[in-house]
Structures are given as C-alpha cells and as structure tokens.
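See below for the structure under consideration.
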Amino acid sequence: MPDFTREMQHGGRVAGVDEVGRGPLAGPVVAAAVVFAAGVPDDLAAVIDDSKKLKPMLREAIAARLPTVPGIEIGLGAASTSEIDDMNIHHAAHLAMQRAVARLPSVPDHVLVDGNKAPDFGCSTQTLVGGDGLSLSIAAASIIAKVVRDRIMARLDARWPAYGWDRNAGYGTPVHRHALTTVGVTPHHRKTFGTVRRQLELFNREGRA
C-alpha cells in the first residue's frame, strides 16, 4: 500500500503526478497532479491505492472525497488524440502531466512522478517506478485521472456506441476491434496506433475511407 513517506521526506508542497490512457486505441491521455498540503486523513490513506487495483465504485467514492480534503490541491491535464498522433503517446503523456502541474495554484516544491521518465515541471522532480503503489499523492492522482478519463470515454460512447467505450475505456477489446472493422475509424481514434492504422490502410485499399 502507498504511504506518505516520500512526501514527508521532501517537505513543502509535494505533488504526486500520474497519467492514464497510454494504451487505448481511442480517446485522450489524462493526467492529474495532487498535493496534500495538510496531509492525508487516516481513513482516506487506508483506502487509497493504485487505481488499477481498486473496484470502480471505490475509485469513484475516493475521487468524490478527495476534493473535500483540507489543503488539497488538484490539477488536471490532457492531451487529445490529434496531439497523440502528432507527437506520439510518450510525449503526449508528458504534455498532459505538464498541463496538470501547471493547473495547480502554483509550482510545487517537488514533484513525484509515476514511471522512469518525467518532463520538465520547472521544479525538482523524482521518478518512481510503480509510484502509484508507493506514494499516496501519486496514487490519488492515478485515481482522479482514471475516473476523469473513464467519464470522458463514457460520454463519447453515447455518440459512438458500437465500440463499447463505456466498458473498455478505449482499449482494444474484441468488441472494440470488431467495431473498427465493421463501423470504421472515428475522429477519436489514435490513427498512428498500429491496429487503427492498419484498419485505415485496409479501408483505403477497399475505397471505404
């Protein structure tokens, strides 16, 4: 379970940053930055974990609780599918992280980032592989980013229901892949991703694009 050790070691305003959505075939990549300026309530610290390990109802409950924590600061950022196609998913994820930190009230004293690479945030930064299982701030950021992105994909599903985005969040499930071959590629698909690119090439050869 994550804890607050690293935040306490650095002192000051320490932001945990994480992103969600590197792997899906559709939709934006979303990042969140979280600063627990006054610490984390014990009952909340006991349930915060890597968003991937939490059931959807618990993720939603934690995401609803987080904005009410005294002293908390939350920043959200995203990079669109067109930005992902223009600059690749790695750079787009870093852009989303930078946007999330930029939306905090001010530049933090230190940033903890999930992963082994980080963009320039204009302050000292530490990368943590598996950080969402080590740092409460990163774990909280992962929860917020996951909940926000899932809601975005559910809204897109209302317009493009064939792909099952309200259930698969844009990942390449059999339902999603089948819809790609029968319905086609939407404006929300990442056209540089192999599965989508190959489908576009097939449609072009068949004159269906």
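The values are calculated or read from the model by the stated rules, or taken from the named source; none is laboratory data. Model, not experiment: these values are computed from the prediction. Every residue, glycine as well, gets a Cβ built from its backbone with ideal geometry; the counts of neighbours run over all protein chains shown. Ligands, DNA and RNA are stripped out before the accessible areas are found, and what is left, the full protein with its side chains, is counted by its heavy atoms. Shrake-Rupley method; radii C 1.70, N 1.55, O 1.52, S 1.80 Å.
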Counting only residues 5 or more apart in sequence or on a different chain, those whose built amide H sits under 5 Å from that of SER135 are ASP3
List, in order, the whole-Hz ³J(HN,Hα) value for each residue of segment 106-119 obtained from phi through the Karplus relation with A = 6.51, B = -1.76, C = 1.60 and θ = phi - 60°; use x for Gly and Pro. 7, 4, x, 6, 7, 10, 9, 10, 6, x, 10, 9, 9, x
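By how many nm would the segment from ASP109 to SER80 grow when fully extended, if each residue of separation counts as 0.36 nm and the alpha-carbon distance is taken off?
On the way: separation 29, 0.36 × 29 = 10.44 nm, distance 2.81 nm.
Result for the pair: 7.6 nm of gain on full extension.
Which value at 222 nm does the chain reach when only helices count, each DSSP H run of 4 or more adding -39,500 (n - 2.57), with the total divided by all residues and rounded to the nearest 500 deg cm²/dmol? Show your work: numbers first, answer last.
Numbers: 9 runs with 91 residues, N = 209.
Per the formula, -13000 deg cm²/dmol.
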When DSSP beta bridges are limited to those with both residues in the chain, what percentage is antiparallel, rounded to the nearest 5? 60
Go through segment 90-100 residue by residue and turn each phi into a ³J(HN,Hα) via Karplus (6.51, -1.76, 1.60, θ = phi - 60°); whole Hz please, and just put x for glycine and proline. 4, 5, 5, 5, 5, 4, 4, 5, 4, 5, 5
Once the Cβ-Cβ distance between GLN126 and ALA37 is put in as r, and R0 is 25 Å, what FRET efficiency do you end up with, to the nearest 0.05? 0.85
Using each residue's phi in segment 66-82, evaluate 6.51 cos²θ - 1.76 cosθ + 1.60 at θ = phi - 60° and report the 3J(HN,Hα) Karplus result to the nearest Hz, with x for Gly and Pro. 3, x, 8, 5, x, x, 6, 10, 10, x, 10, x, 8, 10, 6, 4, 5
If you fit an axis through the alpha-carbon atoms of helix 56-65 and take the longest principal axis of the Cα set of the chain, what angle between them do you get, 0 to 90°, nearest 10? 50
Residue-normalised accessible area of segment 68-116, given per residue in Å² at a 1.4 Å probe: 43
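Expressed in nm to one decimal, what extension gain is obtained for the pair HIS10 and LYS53 from 0.36 nm per residue of sequence separation less their Cα-Cα distance?
Working: separation 43, 0.36 × 43 = 15.48 nm, distance 2.68 nm.
Length gained, HIS10 through LYS53: 12.8 nm.
Kindly report the accessible area of segment 128-209 per residue (heavy atoms of protein chains, probe 1.4 Å, no ligands, DNA or RNA), in Å². Could the numbers behind the result be given before it?
Details: 3920 Å² over 82 residues.
Result: 48 Å² per residue.
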Lys/Arg Cβ at +1, Asp/Glu Cβ at -1, dipole of segment 83-209 taken about the Cα centre: which of PRO174, GLY131, ALA100 is farthest positive-ward? PRO174
May I ask for the angle, rounded to the nearest 10°, between helix 136-159 and the longest principal axis of the chain, with both axes built from Cα atoms and the value confined to 0 to 90°? 30
Which value in nm describes the separation of the simple spin-label points at ASP166 and ALA102, placed 7 Å from the Cα toward the beta carbon? 3.4
Mind sorting out which of (1) 1.41; (2) 1.14; (3) 1.08 is the real Cα Rg over 2.2 N^0.38 Å computed from the coordinates? (3)
Within the chain, what whole-number % of the accessible surface is contributed by carbon and sulfur, with the 1.4 Å probe and all protein chains included in the calculation? 55
